[in-house]
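The structure under discussion appears below in the form of structure tokens.
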Amino acid sequence: MIKKIGVLTSGGDSPGMNAAIRAVVRSALFHDIEVMGIRDGYKGLINDDMVAMSHASVSDISAKGGTILGSARLDAFKTLETQKQAVAILRRRGIDALIVIGGDGTYKGAQKLSELGMKCIGIPSTIDNDIPSTDFTIGFDTALNTIIENIDKLRDTSSSHHRCSVIEVMGNKCADLALYSGISCGAEVIITPHDPYDEADVLRKIQYFEKTKKKRHAIVIVTEKITNVHELAQKISVTSGFSGRATILGHIQRGGAPSAADRMMATKLGDHALAALLAHQDHHCVGVIDNQVQTMSLNEALALTRDNYKQLIELHERIV
Ligand code: F6P
């Protein structure tokens, strides 16, 4: 029987993490389960840095961006020794199960703890949307809206000056932020990790939109870690009639109050994580597929890949 759980947020923070923490804590207390909030993700776990959570400790947090528990990235958590240390700390504290809120790195940590016998449930929360066991991760919708708001602003100034805006968005190795924002904002070119990067082809496309399509301005969205956007903007200035300008949206994409959609999904998934534990679905993660809350084993989830890129890329090609 589960009497006490731990909850942590790990990896890059995302808007909606707080709503998920709130739902986990309130749902656990509803089921007479104690909750320990672990500070700063796996780093706090191995430092035994935790605090008892009450109904009041999660009041008024749903509307706040970031995570009240703090987050961290901990490379050392990849070693077996550190993982064993974490399990020993959880057992010493009388914690029967751990709920982890984060992205794929967070899930991998939970998978390792599961292999050592600790019950773990994952809740998908990252702006990257790089967890294929759910249609959307908590925070993706808010980050996407932040990106769109900024691109719309850039379009105003870019079209006034006959410029080409090259905008770098986050996503790590996941194309979703670039594809969804690019399609939503009518970007002329979207560069993602799913197509081999071909600079000459990008420059050719920009010339085509300027000369043949007579565009007054152009927008190029680039997923981070692919190319230097400042250099690309300069080359656009040299090879086309547009003046190229680069903007890196950076961490602004991760902040801000979560959207209603993210708050709602976070609340449903936080509550469902408890339901999964009570149903003995240990070593699982929760997600939303086709509008239905679902659970899946962590092993199965981590082996999945997303397969909708081709459809989105083809959609962009048809409507650009
Ligand atoms: O995982 C979320 C994310 O924002 C990625 O999109 C990005 O690559 C990374 O985190 C940045 O991490 P950090 O804030 O540690 O520099």
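The values are calculated or read from the model by the stated rules, or taken from the named source; none is laboratory data. Please read all numbers here as calculations on a predicted model, not as lab measurements. No Cβ is skipped: glycine too gets one built from the backbone with ideal geometry, and neighbour counts run over all protein chains shown.
Annotations
- Of the listed requirements (1) within 16 Å of the ligand (Cβ to nearest atom); (2) in a helix (DSSP H, G or I), C174 misses just one: (2).
- Scanning the stretch 177-202 for residues that are more than 12 Å from Y309 (Cβ to Cβ) and either part of a loop (DSSP other than H, G, I, E, B) or without any contact (Cβ under 8 Å) to a residue 24 or more places away in the chain (or both) yields G186, A187, E188, P196, Y197, D198, A200, D201.
Conditions (1) loosely packed, with under 15 Cβ neighbours inside 10 Å; (2) at pLDDT 95 or above, marked per residue:
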{"residue": "K173", "(1), (2)": "yes, no"}
{"residue": "L177", "(1), (2)": "no, yes"}
{"residue": "E188", "(1), (2)": "no, yes"}
{"residue": "I191", "(1), (2)": "no, yes"}
{"residue": "H194", "(1), (2)": "no, no"}
{"residue": "A200", "(1), (2)": "yes, yes"}
{"residue": "R204", "(1), (2)": "yes, yes"}
{"residue": "I236", "(1), (2)": "no, yes"}
{"residue": "P258", "(1), (2)": "no, yes"}
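- Criterion violated by G255 - all others in (1) within 16 Å of the ligand (Cβ to nearest atom); (2) touching a Phe, Trp or Tyr at 6+ places or on another chain (Cβ under 9 Å); (3) of a type in the set (G, A, S) satisfied: (2)
- Looking only at residues in the stretch 71-104 that are touching a strand residue (DSSP E or B) at 6+ places or on another chain (Cβ under 8 Å) and closer than 24 Å to C174 by Cβ, the one that is nearest to the ligand (Cβ to nearest atom) is G103.
One line per residue, one yes/no per condition, for (1) under 25 Å from A261 (Cβ atoms); (2) acidic (D, E):
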site: A19; (1), (2): yes, no
site: A56; (1), (2): no, no
site: L69; (1), (2): yes, no
site: K78; (1), (2): no, no
site: T82; (1), (2): no, no
site: I101; (1), (2): yes, no
site: D104; (1), (2): yes, yes
site: M118; (1), (2): no, no
site: G122; (1), (2): yes, no
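- Filtered residues of the stretch 274-298 (kept if more than 19 Å from the chain's Cα centre (by Cα) and over 26 Å from D32 (Cβ atoms)): Q292, S297
- Residue within the stretch 17-39 that is within 16 Å of the ligand (Cβ to nearest atom) and not in a helix (DSSP H, G or I) present: no
- Residue check, E231 closer than 28 Å to K310 by Cβ and either within 16 Å of the ligand (Cβ to nearest atom) or modelled with pLDDT of 95 or more (or both): no
The rows are residues; the columns are (1) over 23 Å from G66 (Cβ atoms); (2) of a type in the set (D, E); (3) at pLDDT below 95.
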site: L98; (1), (2), (3): no, no, no
site: I101; (1), (2), (3): no, no, no
site: D104; (1), (2), (3): no, yes, yes
site: K108; (1), (2), (3): no, no, no
site: L113; (1), (2), (3): yes, no, no
site: L116; (1), (2), (3): yes, no, no
site: I123; (1), (2), (3): no, no, no
site: D128; (1), (2), (3): no, yes, no
site: L144; (1), (2), (3): no, no, no
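- Filtered residues of the stretch 279-298 (kept if over 20 Å from D262 (Cα atoms) and either aromatic (F, W, Y) or surrounded by 14 or more Cβ atoms within 10 Å (Cβ to Cβ) (or both)): Q281, D282, H283, H284, M296, S297, L298
- Within the stretch 105-129, considering residues that are buried (at least 22 other Cβ atoms within 10 Å of the Cβ), part of a helix (DSSP H, G or I) and within 15 Å of the ligand (Cβ to nearest atom), the one farthest from the chain's Cα centre (by Cα): G109
- In the stretch 294-314, the residues that are acidic (D, E) reach residues that are crowded, with 17+ Cβ neighbours inside 10 Å with C-beta atoms within less than 8 angstrom, at least six apart or across chains, in these pairs: E300/S133.
- Some residue of the stretch 136-147 being more than 19 Å from I219 (Cα to Cα), in contact with a Pro (Cβ under 8 Å, 6 or more places away or on another chain), within 14 Å of the ligand (Cβ to nearest atom) and not in a loop (DSSP other than H, G, I, E, B): yes
- Among the residues of the stretch 40-70, the ones that are without any contact (Cβ under 8 Å) to a residue 60 or more places away in the chain and either within 14 Å of the ligand (Cβ to nearest atom) or assigned to a loop (DSSP other than H, G, I, E, B) (or both) come to 12 in all.
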